[in-house]
Amino acid sequence: MAEEFKRLSRDLVYEGSIIDYYKDTVQVPNGNVVKWDFIGHKGAAAIVPVTKDGKILMVRQYRNALDRYTLEIPAGGLNPGEPTYDAAKRELEEETGYKSDDISFLVSIYTTVAFCNEKIDIYVAKNLIPSRQNLDEDEFIDVQSYTVEELLQKIYAGEIMDSKTICGIMAYKLK
């Protein structure tokens with residue numbers, strides 16, 4: 001079916017630090033030519049930090065796009081050429097103040113397939129070692145811990161709606 005769609009052009013409209021915005025011109029299977037928006041994302045990594053007592057460390061932070069605070073697993077964008085494993089390990093320490101040498105891959109997700117190629121690789125970290133938070137100048141994060149059951153209740157109550165967080169918690173629970 002992919003050969004029935006033909007991208008005729010991809011024009012850069014805006015180049016940003018996290019995303020690039022394009023206007024695509026595509027010929028669809030019936031021969032019509034359409035314009036579609038496309039957001040090119042530089043990639044991200046996330047991590048589910050599990051404490052010795054089985055709780056998950058979560059970060060509470062303000063999200064401008066939603067104009068509210070959210071409760072999420074630690075995550076962040078990739079630096080140029082950075083493997084997702086390294087980014088997840090870095091974000092763990094930066095956002096929670098913990099390190100780990102016991103990190104394993106959980107799942108990969110595409111967050112918004114209708115118009116964006118953002119891919120997030122999600123890892124799990126165990127045997128956490130206290131370190132120190134190293135937040136970016138625009139980050140203000142509170143670290144909180146919850147049981148998996150508490151987080152599932154927050155998901156089903158609509159208190160947690162972030163896709164990477166829901167996928168990370170569910171993947172961890174089922175693994």
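The values are calculated or read from the model by the stated rules, or taken from the named source; none is laboratory data. Note that the structure is predicted; figures quoted are calculated from it, not measured. Here the Cβ is made from the backbone with ideal geometry for all residues, glycine too, and neighbour counts use every protein chain on show.
The residues of the range 124-175 that are crowded, with 17+ Cβ neighbours inside 10 Å and over 19 Å from the mean Cα position of the chain (by Cα), listed by number, are 128, 146.
In the list 113, 143, which residue meets the criterion of being of a type in the set (A, V, I, L, M) and touching a residue at least 60 places away in the same chain (Cβ under 8 Å)? Break it down stepwise before answering.
Values: 113 fails: touching a residue at least 60 places away in the same chain (Cβ under 8 Å).
Residue meeting the stated conditions: 143.
Residues in the range 132-175 that are modelled with pLDDT under 95, hydrophobic (A, V, I, L, M, F, W, C) and in contact with a Leu (Cβ under 7 Å, 6 or more places away or on another chain): 141 alone. Only a single item in (1) closer than 20 Å to residue 21 by Cα; (2) touching a residue at least 60 places away in the same chain (Cβ under 8 Å) is not met by residue 71, and it is number (1).
Any chance the range 96-109 includes a residue that's in contact (Cβ under 8 Å) with a residue 12 or more places away in the chain, in contact with a Leu (Cβ under 6 Å, 6 or more places away or on another chain) and among the aromatic types (Phe, Trp, Tyr)? Checking the range 96-109: at least one residue is in contact (Cβ under 8 Å) with a residue 12 or more places away in the chain, in contact with a Leu (Cβ under 6 Å, 6 or more places away or on another chain) and among the aromatic types (Phe, Trp, Tyr). Comparison of 148, 107 shows that the only residue that is touching a Lys or Arg at 6+ places or on another chain (Cβ under 8 Å) and in the same structural domain as residue 71 (by TED's automatic domain parsing) is 148. When the range 51-96 is filtered for residues that are under 16 Å from the mean Cα position of the chain (by Cα) and aliphatic (A, V, I, L, M), the ones remaining, listed by number, are 57, 58, 59, 65, 66, 71, 73, 75, 78, 87, 88, 92. Quick one: which residue in 72, 91 is within 17 Å of residue 132 (Cα to Cα) and among the acidic types (Asp, Glu)? Only one candidate passes the filter, namely 91. The single residue among 83, 49 that is touching a Leu at 6+ places or on another chain (Cβ under 9 Å) and of a type outside the set (Ser, Thr, Tyr) turns out to be 49. Mind checking which residues of the range 146-175 are in contact (Cβ under 8 Å) with a residue 60 or more places away in the chain and either on the phi > 0 side of the Ramachandran plot or acidic (Asp, Glu) (or both)? Within the range 146-175, 159, 162 meet the criteria.
Take the residues in the range 10-55 that are aliphatic (A, V, I, L, M) and free of Cβ contacts under 8 Å to residues at least 60 places away in the same chain; name whichever of them is nearest to residue 81 (Cα to Cα).
Residues of the range 10-55 that are aliphatic (A, V, I, L, M), as a first pass: 12-13, 18-19, 26, 28, 33-34, 39, 44-48, 50.
With the extra rule that they be free of Cβ contacts under 8 Å to residues at least 60 places away in the same chain, the set shrinks to 12-13, 18, 26, 28, 33-34.
Working: 12: 22, 13: 24, 18: 14, 26: 30, 28: 34, 33: 35, 34: 34 Å.
The residue in question is 18.
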